[in-house]
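Below is one structure, written out as structure tokens, with a few remarks after it.
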Amino acid sequence: MGSFADRFKRIVKETNLTPEQEAKYQSFKKRGYRVPSKRLIKSASDIEGIRASGVINTGVLDYVAERIKAGVSTAEIDKWVYDYTTEHGAIPAPLNYEGFPKSVCVSINHVVCHGIPSEETILKEGDIVNVDVSTIYNGYYSDASRMFIIGKTDAGRERLVKVAKEALEEGLKAARAWHFLGDIGAAVQQHVEGNGFSVVRDFGGHGVGIKFHEDPFVSHVGKKNTGMVLVPGMVFTIEPMVNMGRYEIDIDEKDGWTVTTIDKKPSAQWEYTVLITEEGPEILTY
Ligand code: MF3
Ligand code: CO
């Protein structure tokens, strides 16, 4: 770290951008565009930390994928997640997060997200299940979720799961440096609504890495060329929740967590943690 610019940068902790990127950032800012605050732009070493966390997070989901089947309780999935994560020197981020009592969110059929694992909840043939895993490793956070179809389900649910995955991929494609956050929401919304489903509004993606939930809020509905400029070094989740019926949701009053569709029709969700680079979006955990 020899040059004056490098030393200056470290002293004022100003920027993780190259001089060219910094000029571009300032130019957008001057023209009145919303730009991320500098603390949302990760350093190379932060990115390596989040990447390492993401490797374990992906390992957890692969471990679940190999074992999930009819007859298993969601408490068993919680134990798999806890054991795998801690055996790899990491911490399950949901555990005790704002009072969440378990290590993973498991959300079945009309449960949209934040389902709490329980001995009483047993997976059965035809269920569509979201397993949402978040990991802390060396202080760095990563976050991803996948859908699992238990045995064979009906054609409607199968299509819902497929369209939700495609919606995530469309959002990912729109996550391009120097484009806009609203492009992601627009791409997701167009794909979902074009297939006759709806997009949950009340929950979305989020910055992640140094904390579990950072700015920006990543809406899965939106308009192209609106919202925050996407700057290289930003890390956030894309995690569209796609409902078969209406987009409105309810939160369970008793447990304070479980989110369900208001019409009790099924919902599906897939999630990646994504790094913005000049060369395109990079998936850090999937
Ligand atoms: N993993 C969820 C997300 O995508 C967060 C769950 S919060 C918890 O943001 F407390 F329920 F874990
Ligand atoms: Co998330």
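Given the residues ILE77, ILE56, ILE116, which is the only one that is in a loop (DSSP other than H, G, I, E, B), away from ligand 2 (no atom under 15 Å from the Cβ) and buried (at least 18 other Cβ atoms within 10 Å of the Cβ)?
Numbers: ILE77 fails: in a loop (DSSP other than H, G, I, E, B); ILE56 fails: in a loop (DSSP other than H, G, I, E, B).
The match here is ILE116.
Scan the range 1-53 for residues that are of a type in the set (Ser, Thr, Tyr), farther than 30 Å from VAL133 by Cβ and either at pLDDT below 95 or not in a loop (DSSP other than H, G, I, E, B) (or both) and jot them down.
Residues satisfying the conditions are SER3, THR15, TYR25, SER27.
What residue, among those in the range 88-112 that are over 17 Å from SER142 (Cβ atoms) and not in a loop (DSSP other than H, G, I, E, B), is farthest from the chain's Cα centre (by Cα)?
GLY99
Looking at (1) outside any loop (DSSP other than H, G, I, E, B); (2) in contact (Cβ under 8 Å) with a residue 12 or more places away in the chain; (3) not basic (Lys, Arg), find the lone condition where GLU282 falls short.
With respect to (1) outside any loop (DSSP other than H, G, I, E, B); (2) in contact (Cβ under 8 Å) with a residue 12 or more places away in the chain; (3) not basic (Lys, Arg), GLU282 is out only on (2).
Consider HIS191 carefully, then state whether it is at pLDDT 95 or above, in contact with a helix residue (DSSP H, G or I) (Cβ under 6 Å, 6 or more places away or on another chain), within 13 Å of ligand 1 (Cβ to nearest atom) and over 26 Å from ALA52 (Cα atoms). Show your work before the answer.
Numbers: at pLDDT 95 or above: yes; in contact with a helix residue (DSSP H, G or I) (Cβ under 6 Å, 6 or more places away or on another chain): yes; within 13 Å of ligand 1 (Cβ to nearest atom): no; over 26 Å from ALA52 (Cα atoms): yes.
Criteria not met by HIS191.
Please tell me if ALA177 is at pLDDT 95 or above and either within 16 Å of ligand 2 (Cβ to nearest atom) or within 10 Å of PRO240 (Cβ to Cβ) (or both).
So ALA177 does not fit the description; no.
Take LYS264 and decide whether it is of a type in the set (Lys, Arg), at positive phi, at pLDDT 95 or above and not in a helix (DSSP H, G or I). Before you say what the answer is, go through the steps one by one.
On the way: of a type in the set (Lys, Arg): yes; at positive phi: yes; at pLDDT 95 or above: yes; not in a helix (DSSP H, G or I): yes.
In short, yes.
Any idea which of (1) crowded, with 18+ Cβ neighbours inside 10 Å; (2) out of contact with any Pro (no Cβ under 6 Å at 6 or more places or on another chain); (3) under 26 Å from ILE251 (Cα atoms) is the one PHE212 doesn't satisfy?
Unmet for PHE212, out of (1) crowded, with 18+ Cβ neighbours inside 10 Å; (2) out of contact with any Pro (no Cβ under 6 Å at 6 or more places or on another chain); (3) under 26 Å from ILE251 (Cα atoms): (1).
Can you name the residue in the range 233-286 that is small (Gly, Ala, Ser) and more than 16 Å from ligand 2 (Cβ to nearest atom) and, of all such residues, is farthest from HIS114 (Cα to Cα)?
Within the range 233-286, the match that is farthest from HIS114 (Cα to Cα) is GLY280.
Take the residues in the range 189-232 that are of a type in the set (Val, Ile, Thr) and part of a loop (DSSP other than H, G, I, E, B); name whichever of them is nearest to ligand 2 (Cβ to nearest atom).
At the first step, the residues of the range 189-232 found to be of a type in the set (Val, Ile, Thr) are 192, 199-200, 208, 210, 218, 221, 226, 229, 231.
Those left that are additionally part of a loop (DSSP other than H, G, I, E, B): 200, 208, 210, 221, 226, 231.
On the way: VAL200: 13, VAL208: 7, ILE210: 14, VAL221: 17, THR226: 22, VAL231: 20 Å.
The extreme case among them is VAL208.
Scanning the range 131-163 for residues that are under 23 Å from GLU87 (Cα atoms) and polar (S, T, N, Q), which turns out farthest from ligand 2 (Cβ to nearest atom)?
Looking at the filtered set, the residue picked out is ASN138.
Across the range 148-202, which residue is farthest from THR237 (Cα to Cα) among those that are within 18 Å of the chain's Cα centre (by Cα) and surrounded by fewer than 18 Cβ atoms within 10 Å (Cβ to Cβ)?
LYS162
Return a yes/no flag: does the range 131-153 have any residue that is without any contact (Cβ under 8 Å) to a residue 60 or more places away in the chain and part of a helix (DSSP H, G or I).
no
The values are calculated or read from the model by the stated rules, or taken from the named source; none is laboratory data. Every value quoted in this text rests on a predicted model; they were computed, and no experiment measured them. Heads up, the Cβs are rebuilt from the backbone with ideal geometry, glycines too, and the neighbour counts pull from every protein chain shown.
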